[in-house]
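Take a look at the structure set out below.
The values are calculated or read from the model by the stated rules, or taken from the named source; none is laboratory data. As the structure is a computational prediction, the values presented were derived from the model and not from experiment. As a convention, Cβ positions derive from the backbone with ideal geometry for all residues, glycine included, and neighbour counts pool all protein chains shown.
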Amino acid sequence: MALGTRISQLVLVTVFLAIIFGVPVYQIVVEIWRQQPVQVTDLFRYAPTVKNLRAFEQTLKDNWWGQETVRPWMQRTLFLTLGDTGAKALEGRDGWMFYRPGVQYLTEADRMEAGHSDSAGTRRTSGDTRTRSVVLAIVEFRDQLESQHIELLVVPVPGKASVYPDKLTERFDDCSGAFRSPTERLLDELRECNIETVNLFDAFRQARSAKPTWSSGGTYYLSQDTHWTPAGALIAAKAVALKLRELGYAPETPWQYETQRVQVARRGDVLEMMQVPGLREYFSPEELNCEQIHDPIAGLLIPPVGARDGRFKNDHLLDTPLESSILLLGDSFSRIYQFGEPASLGAVVGGAQQTSAGSGKKRLLPGSAGFPSLLARELAAPVDYIVSDGGAATDVRRRLSVDPEMLDNKTFVIWEFAERDIRLGAHGWLDVPLPPEL
């Protein structure tokens with residue numbers, strides 16, 4: 001028995017060592033066969049700093065030979081057997097799925113967190129310091145705009161868990177309205193700095209306590225997606241329009257937009273992030289009621305063919321009293337239902353599907369039915385916009401910095417960003433100069 005036990009142990013150790021050393025050895029063989037640089041040599045070519053080691057780890061992950069073959073099926077097995085949703089997803093209640101970094105922002109906002117550094121040690125940043133860096137970036141942007149006689153309106157968008165904590169955990173079954181996001185403290189700090197804001201957290205609390213309408217379908221966020229439903233976008237548009245009117249905004253010539261009801265069957269982006277083969281078998285697409293907005297002259301309020309990526313300007317209204325005096329800077333919450341999106345995310349129900357400008361791989365789902373178009377209708381005035389997925393902290397301002405005509409004749413800039421971006425702190429909220437006045 002003792003000999004048999006030792007043989008079994010030896011076999012287990014051999015298998016374990018084969019797995020440990022076999023994967024990297026096979027990776028080297030694959031890289032040589034593909035005539036690619038051998039990644040492991042980076043360990044000897046660069047200094048062992050935190051930044052370099054993290055970059056090395058990420059590159060290994062991205063270039064692993066099993067990234068597109070073995071890994072998806074391993075994730076499928078883990079999902080079916082253990083309910084493991086992976087690094088980016090978090091399973092809630094009643095079939096709801098959440099974006100894990102968005103939930104971590106709410107639950108770990110004040111946790112001490114390591115920052116990026118080129119030294120062997122790491123610099124740690126508290127939640128308060130991180131929030132303060134965001135406030136300073138917003139104040140700087142406000143001051144830049146004021147120098148050109150433009151007012152700033154800041155609109156942080158609640159994450160799904162902030163609006164539906166009861167879909168994340170049963171602890172909020174009877175008191176979901178009592179949940180307070182750390183972003184609401186940011187709103188208080190901004191108001192102390194005399195920066196105009198819109199509190200969408202209160203707007204959604206009031207909406208959840210009211211009777212559902214045709215457009216809401218009963219919910220204001222998608223159950224398997226990070227974003228709001230068309231009804232959620234409409235709540236935001238109404239709240240922003242109300243705030244602008246309180247600030248004295250009124251269109252010189254009210255413009256009446258046409259509205260068409262369209263249904264869309266949409267699959268959640270959280271499911272796409274999980275990268276589990278065959279996942280669509282377990283989750284049906286959500287059917288959503290959209291209100292597609294049409295300009296009576298120009299049609300859909302979407303970028304024309306050949307326009308700059310993520311940019312829309314009411315060029316057809318130039319040299320008329322209807323030129324837009326409002327610029328919206330936003331992220332994917334402004335993009336959803338407005339721009340073209342990956343065809344894998346869904347289709348229009350009961351009608352021919354339009355293909356968006358620039359790429360046959362994207363579709364309008366349904367297009368011109370997102371926050372920018374809904375805001376234009378609520379204001380009865382045109383709205384220009386620059387949208388960058390995940391880039392509302394800095395990228396939209398970079399795009400603006402090289403596009404001076406977007407600020408021409410503007411009186412308001414609306415800055416919309418997802419609240420989880422606050423977690424980026426000083427690393428994601430960089431100072432960007434405005435373009436010179438035309």
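Sort out which residues of the stretch 264-289 are of a type in the set (Lys, Arg) and surrounded by fewer than 16 Cβ atoms within 10 Å (Cβ to Cβ), and write them in order of number.
280
Could you tell me whether any residue of the stretch 254-271 is under 20 Å from residue 92 (Cα atoms), part of a loop (DSSP other than H, G, I, E, B), of a type in the set (Lys, Arg) and in the same structural domain as residue 151 (by TED's automatic domain parsing)? Within the stretch 254-271, one or more residues are under 20 Å from residue 92 (Cα atoms), part of a loop (DSSP other than H, G, I, E, B), of a type in the set (Lys, Arg) and in the same structural domain as residue 151 (by TED's automatic domain parsing). Being within 21 Å of the chain's Cα centre (by Cα) and surrounded by fewer than 21 Cβ atoms within 10 Å (Cβ to Cβ) is a property that does not hold for residue 304. Residue count for the stretch 333-352, restricted to those that are in a loop (DSSP other than H, G, I, E, B) and at pLDDT 90 or above: 4. The sole residue among 14, 49 that is surrounded by 11 or more Cβ atoms within 10 Å (Cβ to Cβ) and modelled with pLDDT of 70 or more is 49. Look at residue 247 and say whether it is among the aliphatic types (A, V, I, L, M), touching a residue at least 12 places away in the same chain (Cβ under 8 Å) and surrounded by 20 or more Cβ atoms within 10 Å (Cβ to Cβ). No; evaluated as a whole, the condition is false for this residue.
The set of residues from the stretch 85-126 being at pLDDT 85 or above, more than 21 Å from the chain's Cα centre (by Cα) and either within 22 Å of residue 182 (Cα to Cα) or buried (at least 20 other Cβ atoms within 10 Å of the Cβ) (or both) is empty.
Quick grid of which residues meet (1) more than 12 Å from residue 335 (Cβ to Cβ); (2) surrounded by fewer than 24 Cβ atoms within 10 Å (Cβ to Cβ); (3) outside the structural domain of residue 340 (by TED's automatic domain parsing); (4) touching a His at 6+ places or on another chain (Cβ under 8 Å):
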site	(1), (2), (3), (4)
364	no, yes, no, no
370	no, no, no, no
378	yes, yes, no, no
390	no, yes, no, no
396	no, no, no, no
406	yes, yes, no, no
410	yes, yes, no, no
417	yes, no, no, no
437	yes, yes, yes, no
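Mind telling me which of the residues 36, 75, 27 ends up being under 30 Å from residue 163 (Cα atoms) and at pLDDT below 75? Write out each step before concluding.
Working: 36 fails: under 30 Å from residue 163 (Cα atoms); 27 fails: under 30 Å from residue 163 (Cα atoms).
Checking each option against the conditions leaves just 75.
Identify, please: which residue in the stretch 270-293 is aliphatic (A, V, I, L, M) and under 20 Å from residue 350 (Cβ atoms) and is, among those, nearest to the chain's Cα centre (by Cα)? So the residue we want is 288. Which residues, taken from the stretch 290-310, are under 21 Å from residue 228 (Cα atoms), in contact with a helix residue (DSSP H, G or I) (Cβ under 8 Å, 6 or more places away or on another chain) and assigned to a loop (DSSP other than H, G, I, E, B)? 301, 310 - these are the residues of the stretch 290-310 that are under 21 Å from residue 228 (Cα atoms), in contact with a helix residue (DSSP H, G or I) (Cβ under 8 Å, 6 or more places away or on another chain) and assigned to a loop (DSSP other than H, G, I, E, B).
For the stretch 367-391, a residue qualifies if it is over 15 Å from residue 312 (Cβ atoms), assigned to a loop (DSSP other than H, G, I, E, B) and modelled with pLDDT of 95 or more, and exactly one does: 380.
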